[in-house]
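Rule-based calculations on the coordinates, nothing more; no lab input. Because the structure is a prediction, the values reported are computed rather than measured. Note: ideal-geometry Cβ built from the backbone for every residue, glycine included; neighbour counts use all protein chains shown.
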Amino acid sequence: MIQLKKHSGIYTLTTEQILNVPLKEAWCFFSAPQNLENITPKHMGFTITSKVDKKAYKGQIITYKVGILPGIKTNWVTEITQVKDKSFFIDEQRFGPYKMWHHEHWFEDLENGKTLMKDKISYKIPFGFLGHFAQFLFIKKQLKTIFEHRFITLEKLFNE
């Protein structure tokens, strides 16, 4: 389930997915930054360019190259700003295509060895009116496509 809302010039995208794996296994997968490449659509050319440690930690800087439009790649730098083991972590853009990017990753232990994973992404587009027009034309669709791809990929990894 993907929802997108706008408030005070900021867009918020939320998703939820139940994974048929225990919390510990889900946490191990998602708190390892190198797994992000595996759940991002290949057409985006998403590549981590920095050395990443096995697990996310507060203050960790991660650099990427990502295709924002066909034939156009940009650098993206995020910082892991908060981590609570097996509960949540937050990454925030330091440099990149957005004016602001704040991504909360939440994990909840469910009965029968399952995990509820929630994402909340709050972002602001640069370039004022033109940015909002770009949101309408393609940014919203691109983000939904990324998270739909991720949902399908995670279903295959954890739920089949």
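The listed peptides 95-108, 51-64, ordered by packing as a protection proxy, come out as 95-108, 51-64 (highest mean of other Cβ atoms within 10 Å first). Given the Cα-Cα distance of residue 137 and residue 88 and 0.36 nm per residue of separation, how much length would full extension add, in nm? Net length gain for the segment: 14.5 nm.
Taking θ as phi - 60° and the Karplus parameters 6.51, -1.76 and 1.60, the scalar couplings of the stretch 18-23 work out to 8, 10, 7, 9, x, 3 Hz in sequence order, x denoting glycine and proline.
Cross-link pairs exceeding 20 Å between alpha carbons, from the set 118/156; 6/124; 42/99: 42/99.
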